[in-house]
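Questions regarding the structure given below will be posed in turn.
Laboratory data are not the source of any read-out in this text; all were calculated from the coordinates shown. Quantities reported herein were computed from a predicted structural model and do not represent experimental measurements. Glycine gets a Cβ as well: all are built from the backbone with ideal geometry, and neighbour counts include every protein chain shown.
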Amino acid sequence: MVSSSSPKVSRDVLMQGIAEGITKFENEFPLEDFSKGDYKQYPVITLLTCSDSRMPVNVFGSIFNRIFSVENIGNQFRSSEGSVLYGLLHLRTPLMIVAGHTDCGAINAAESNFVSEPLGIRNELSIVKDSLDGARRLYSVSNDDSDLKYTLLSEVNVDMQINYLLANPEVSELVKNDELLLLGVMVDLHNHYDEGYGRTYTINVNGERDIGKLKERKVLGLMAERAKRLTR
């Protein structure tokens, strides 16, 4: 599996950062708003995103009692199906975001020979690989070996997760009744879309992949303006 070396961080520095984070959370705890909801959770977004540390949940705004976050390698619905369905069918969030990102390490690893990995990693990468194989059957995916290869695959991987969601009858009914919006996005960490680092683009809404049609959905606001993809 693809790995990378990282700068060494002393344990003292690491634990100091943890302490600062805990203190900040305690000091900024939104008690008034939380108490108004009887201390229960009322998220408005179910988010399925890659567990990659470069993909923080707060890309999509404030987190506390707003985002029901599900993270795994390669943002796979089938790796965390129960968690995703809990957000949609029990918590009834009106928005489901499937978020991929450029140069996804899980996509890269799933395209390689990962037989030497521990069983748990192999199991999850097999699900990613199956999604990519399905995407190749459904879509015209370029065999591009350029720097864009894994971003192209990441896009159609997001498409496949929305397909899996729509294959669930209860989820599909919510979408049909306009009680749920499925939003597929890509976060550009590497400026592969040539508009700057860190920008987010809409690539799929409720299974629709046509960028022209997505741009016409003015109800999406900025996300309609940001409709863009590399694959066709």
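Where a Cα-Cα gap under 17 Å defines reach, which lysines qualify for Lys228, not counting those fewer than 8 residues away within the same chain?
Output for Lys228: Lys149, Lys213, Lys215, Lys218.
Further question: When the helix-only estimate is applied to the chain (DSSP H runs of n ≥ 4, each -39,500 (n - 2.57), divided by the residue count), what is the mean residue ellipticity at 222 nm, nearest 500 deg cm²/dmol?
-11000 deg cm²/dmol
Output wanted: per-residue J couplings in Hz (rounded whole) for the range 94-110, from phi through Karplus 6.51 cos²θ - 1.76 cosθ + 1.60, θ = phi - 60°, x for Gly and Pro.
3J(HN,Hα) across the range 94-110, in whole Hz: x, 10, 10, 10, 9, 10, x, 8, 5, 6, 5, x, 5, 5, 4, 5, 5.
Taking Cα pairs under 8 Å and at least six residues apart, what relative contact order does the range 1-75 come out at, in percent?
Computed value for the range 1-75: 28 percent relative contact order.
Could you pull out every residue, at least 5 positions away or on a different chain, whose amide H is within less than 5 Å of the one on Ala227? Hs are placed 1.01 Å off N in the peptide plane, and Pro or chain starts have none.
Close amide H contacts, sequence-distant or interchain: Thr202.
Could I ask something else about it? Using the Karplus curve 6.51 cos²θ - 1.76 cosθ + 1.60 with θ = phi - 60°, work out ³J(HN,Hα) for each residue of the range 123-138 in order, rounded to whole Hz, and write x for Gly and Pro.
4, 6, 5, 5, 5, 4, 4, 5, 4, 5, 4, x, 5, 5, 6, 8
With a/c under 1.5 counting as rounded, go ahead and sort the range 115-232 into rounded, prolate or oblate using the C-alpha gyration tensor (a ≥ b ≥ c being the square roots of the eigenvalues; past the cut-off, prolate if a/b is larger than b/c, else oblate).
oblate
Explain nothing, just the number: relative contact order of the chain, from Cα pairs under 8 Å at least 6 residues apart, as a whole percent.
Computed over the chain, the figure is 17 percent.
Could you tell me how many cubic angstrom of Cα convex hull volume the chain has per residue?
Cα-based convex hull of the chain, divided per residue, equals 159 Å³.
Here is a follow-up. Please tell me the relative contact order of the range 168-232 in percent, rounded to the nearest whole number, where contacts are Cα pairs under 8 Å and at least six residues apart.
Once normalised by length, the contact order is 25 percent.
Something else: Give the residue list of GluC sites (Glu not before Pro) in the range 157-218 that are DSSP loop and have at most 13 other beta-carbon atoms within 10 angstrom.
For GluC sites (Glu not before Pro) across the range 157-218 that sit outside H, G, I, E and B with at most 13 neighbouring Cβ atoms in 10 Å, the list reads Glu179, Glu195, Glu216.
I've got another one for you. Roughly how many whole Å is it from the C-alpha centroid of the range 42-57 to that of the range 150-180?
Centre-to-centre (Cα) distance: 16 Å.
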